[in-house]
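Participant: The structure follows.
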């Protein structure tokens, strides 16, 4: 065998191993022929190595690399194989790991071990190329073969490699997917069948299994509270070694984690591979995650009933994790399963609640409920069924035949079939004997479902009505006995016969009878039922002989015997031989002999407690009839005596009533009687007079409450409720209660007249009783106290007014001693009430400033009966002196004698001081307003002038002062003033508009025909939210406008001068602008050359006459009597020069301004002339001087540039 064939055989064995067909390692250990040559020397070895799909590495026995094929280089991510030849295999940048990812040292490497043991081996290794990609590993199946040399003992090592990383990964992926599907299927099945008690366990189990499957550190479930305001971790699973955080994740407010809450409610997953991926809006969420030491997390919303119920998620703590689509898909599927389970739990909880409510209703309904199938088997019975039948064993699963009597069971089964044939509901009563007791049940039978749906069960509702039926019969019997009594009877025996028949029907004893004691001492029957009862025929019962003493005592009321021997001993041996029970009950009748109801039964213990009670009830009813009969007899006996008595009392009552009527008709008091219900029964004439009603309109038609003042009724009712602590059925009952608790006489109350007027009265109320002292009504007697109340009210009002009067009031006796003083006086003087009474005012408050003559004059005035008024200085208790206005008036009696003095005292100290201060303040304000530069006018709402200042007079008023205009009609003045404006109609319309709008207006422009311009301000004046008038302010801005105009002229001149380069042009510009100054009509410029006289160079507004008369400047100087021009400017009027010199040229004022240049002296003069008498104002002068000084440097510049 050649070496190549051996190698191929080895590779074939390796492939067989991979396919599961044998072990190549076994073949490799076969003896090797000694005639083989080294593998690398074989001529076909290179092509084989290149063509092989497996990675092959050939090594010497010293692990030197002999050759590496391309597949091995690719698998191990190595460089070109030629560069590796001769290198030590263990020096390659490879690290070896076992399948558990544990790093293997050289000595533990299977390749090394195979070399030392010279055994072929197969193993799976995980290898990492530390240079190329240390962060990832690849999995390799490695086979080691040893090939011996024929010529010597050396051998070569052949390592055959196969990269199974993708296979492993695919296998793991497939296994993971299969495991995931199995887990999800298992969870789905568990969730579908989970009950309420197992829900928490199943959720925790799901978190555990999903966490283990995905390899995360934590899995958790969070749920919102009902309001959605907070969220809590309800379930958690943690990997071993990871701390639980569920206690720290309770009741987290959603408003603190709005980003997270918004993501979930939008149905979006939260994917965080590392905490730095949190957006800026999630700072709170990031802080929480970092506090929990979470590195990565993934969460998806849990959608339950169309709303987000919470979220389900994974988290890693020990490392960061990049979540993939598989993780997200798994989490969404699991979240859906949990949502489904939550839905099932909700449904189960609702069903459980409904079942509990249903069972609770059934168990506590008081009605027996049975569920029976079509075979008659009990499927359900509530507690009432067991109570009704007195059963203590469970009957569910038993048949109705096992529980009920057979005939009753047959009847029930028959009725069930009847219901199933289409009659849905059957109501029926069942009567049967069960346990020796008669049962009577009212029953309703109905199907549980529609018979068309395959009905298998019916439901029965039962109610024990035996006692109700028995009571109905008992009540019917009592009713019949009552009816017998009401219908009347002639003799007791007729009543006895009928009652016995009723008793026998209810209690069917052997025989019933009424026995009566004869004079012989024996009892014989007077009535028997049934009438053919043989036991009572001719019977005589010696009860006294046959009963002992104690029994005789018992017979007097009720006696029951239940032993047949005792019964026979009482009744006799032959009367009722089969009798076993006897009942005797005493009756009440008018007969002198005792009567008893006697009942005999042949049943032992027939007379139980219930039947005894029935007998008692019917005997009681019978006794009522007997007593009624006895009473009727007594009534008949007393009728005659009663008629005589009534006739006598009637006569007496008529006489008394007549006397009472006379008194009531003539009294001055209001007398009204009423029934117990408050209806008026009498109404005397005084009541008609005071209240305005006629008796015929009131008696029997109106309630006494309708005659009382409603406000007094309300007060009385409130007092009655307060005293009794309870509410009354009517107001009348409340008044009755109050009249019983309070004194009945002289109570202040009020009637209400027909015209609606309240009349105060003193009311006395008395109960009216009839002859047998039974209350029949009430008698109301009232006295009208209207006048008295008015007098009291007036007196109270006067004294209340005096007490609260703002001024001090003092009443003194005729000797001047104080008998009364109000609070204002006490506050004024500083004394209390006890300190001033019986003291003279002079002693208390005398200041010593007024002399004796002053007081003598005052007392002389008072003694004559006249009032004295004056101003005095008095002293307070604290010794302070104050000024007081004092008025004293004498008070006289009917005879004109002075008995008292009334003094009114007013402290005017502060008033005088305030008056002085106010006067001073008004003077200052008036001075301020009069000296304001603006015009001030204030008018009231009737447009009457209340105030103008001096500026108004100076501006518009001529020779008048401000007081002249006060009270004048502002509208008329405005109409007169309108002609002075350039737009009279507009001026008046604007004033009306401002007054109508009542809004403040500022800077409203107003121009007069004389050229003056004003700014008008308007202010409506409000005092205490009420319009008081209108304030006008006018400010003259004529001068301000003139200044603006002059500044504009000066600026325009400056702009033009800056652009000129010729002297003559500059001078023309100057005169053209100077002549525009206010009050200037002409301007001329005189220029001086060398020592020559200054001559007129340019002018504007100079007439030819002026030019002719003043061609040179010194003529002006001569005419104006000027000696030297050494001032900045001269302003001359006819007061400073001889006007005759200039009259012929019509010049009345002149201004001269020198022109100087470059500090070389005067070079010229500017002359301003005007025919106006008004002198230039200050602003005009400044403008003129400024413009002249402005042109000087321009001319200086021009002359420098062009000296010629």
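Just so it is clear, none of the values below were taken in a lab; they were calculated from the coordinates. Nothing here was measured: the structure is a model prediction, and the numbers come from that model. Positions of Cβ are generated from backbone atoms using ideal geometry, with glycine treated the same way; all protein chains shown enter the neighbour counts.
Participant: Given a Förster distance of 30 angstrom, what is the FRET efficiency for residue 921 paired with residue 1002, based on the Cβ-Cβ distance and rounded to 0.05? Write down the numbers at each step before the final one.
Facilitator: Numbers: r = 27 Å, r/R0 = 0.92.
Computed FRET efficiency for residue 921 and residue 1002 comes out at 0.65.
Participant: If you average over every viewing direction, what projected area does the convex hull of the Cα atoms of the range 595-710 give, in nm²?
Facilitator: Values: hull surface 59.4 nm².
For the range 595-710, averaging the hull's shadow over all directions gives 14.9 nm².
Participant: Taking the Cα atoms of the range 915-1036, what is the range of coordinates along each of the three principal axes, in descending order and whole Å?
Facilitator: Between the extreme Cα coordinates on each principal axis of the range 915-1036 lie 47, 36, 24 Å.
Participant: Just rank 90, 237, fewest to most, by other beta-carbon atoms within 10 angstrom.
Facilitator: Values: 90 11, 237 24.
Starting with the residue having the fewest Cβ neighbours, the order is 90, 237.
Participant: Give the order of 387, 731, 490 when sorted by the count of other beta carbons within 10 angstrom, beginning with the fewest.
Facilitator: Details: 387 11, 731 18, 490 8.
Going from sparsest to densest Cβ surroundings: 490, 387, 731.
Participant: OK, next. R0 = 35 Å: FRET efficiency of residue 390 with residue 353, Cβ-based, nearest 0.05? Mind dumping the intermediate values first?
Facilitator: Numbers: r = 33 Å, r/R0 = 0.94.
Computed FRET efficiency for residue 390 and residue 353 comes out at 0.60.
Participant: What is the mean projected area of the alpha carbon convex hull for the range 971-1067, to one decimal in square nanometres?
Facilitator: Numbers: hull surface 36.6 nm².
Across all orientations, the range 971-1067 yields a mean hull projection of 9.2 nm².
Participant: Just to verify a number: FRET efficiency for residue 1182 and residue 1115, C-beta to C-beta distance, R0 = 41 Å, to 0.05?
Facilitator: Values: r = 28 Å, r/R0 = 0.68.
After rounding, the FRET efficiency stands at 0.90.
Participant: Among 1184, 723, 413, what is the fewest-to-most ranking by other Cβ atoms within 10 Å?
Facilitator: On the way: 1184 24, 723 13, 413 17.
Going from sparsest to densest Cβ surroundings: 723, 413, 1184.
Participant: On to the next question. List, largest first, the extents of the alpha carbons of the range 772-857 along their principal axes, each in whole Å.
Facilitator: Extents along the principal axes: 86, 26, 23 Å.
Participant: Hey, another quick one. Please report the base-10 log of the normalised intensity I(q)/I(0) for the range 171-353, using a Debye sum with one equal scatterer per alpha carbon and no solvent, at each q in 0.13 (1/Å).
Facilitator: -0.65
Participant: Next question, about the same structure. If the label point is 7 Å along Cα→Cβ of residue 588, which residues in the range 601-627 have backbone nitrogen under 19 Å from it?
Facilitator: 613-627
Participant: Determine the gain in length on full extension of the stretch residue 505-residue 1051; use 0.36 nm per residue of separation and subtract their C-alpha separation, reporting nm with one decimal.
Facilitator: Details: separation 546, 0.36 × 546 = 196.56 nm, distance 14.06 nm.
Using 0.36 nm per residue and subtracting the Cα-Cα distance, I get 182.5 nm.
Participant: Hey, rough spin-label estimate for residue 770 and residue 985, points 7 angstrom out along Cα→Cβ, what's it come to in nanometres?
Facilitator: 9.9 nm
Participant: Now a separate question. Using a basic spin-label model with each label point 7 Å from the Cα along Cα→Cβ, how many nm lie between residue 540 and residue 689?
Facilitator: Label at residue 540, label at residue 689, 8.7 nm between them.
Participant: For the range 915-1036, what relative contact order do you get, as a whole percent, if you take Cα pairs closer than 8 Å and at least 6 residues apart?
Facilitator: Details: 190 pairs, mean separation 28.6, N = 122.
Answer for the range 915-1036 is 23 percent.
Participant: For the pair residue 889/residue 726, report the inter-label distance in nm, with labels modelled 7 Å from Cα in the Cβ direction.
Facilitator: Roughly 6.0 nm, to one decimal.
Participant: Right, here's the next one. If I take the Cα coordinates of the range 805-907 and project them onto the principal axes, what are the three extents in Å, biggest first?
Facilitator: 41, 29, 22
Participant: Let me ask another. State the Kirkwood hydrodynamic radius of the range 668-784 in Å, one decimal place, computed from all pairs of distinct Cα atoms. Write down the numbers at each step before the final one.
Facilitator: Details: mean 1/r = 0.0694 Å⁻¹.
Kirkwood radius, the range 668-784: 14.4 Å.
Participant: Round to a whole angstrom and tell me the spacing of the C-alpha centers of the range 362-400 and the range 689-714.
Facilitator: 70 Å
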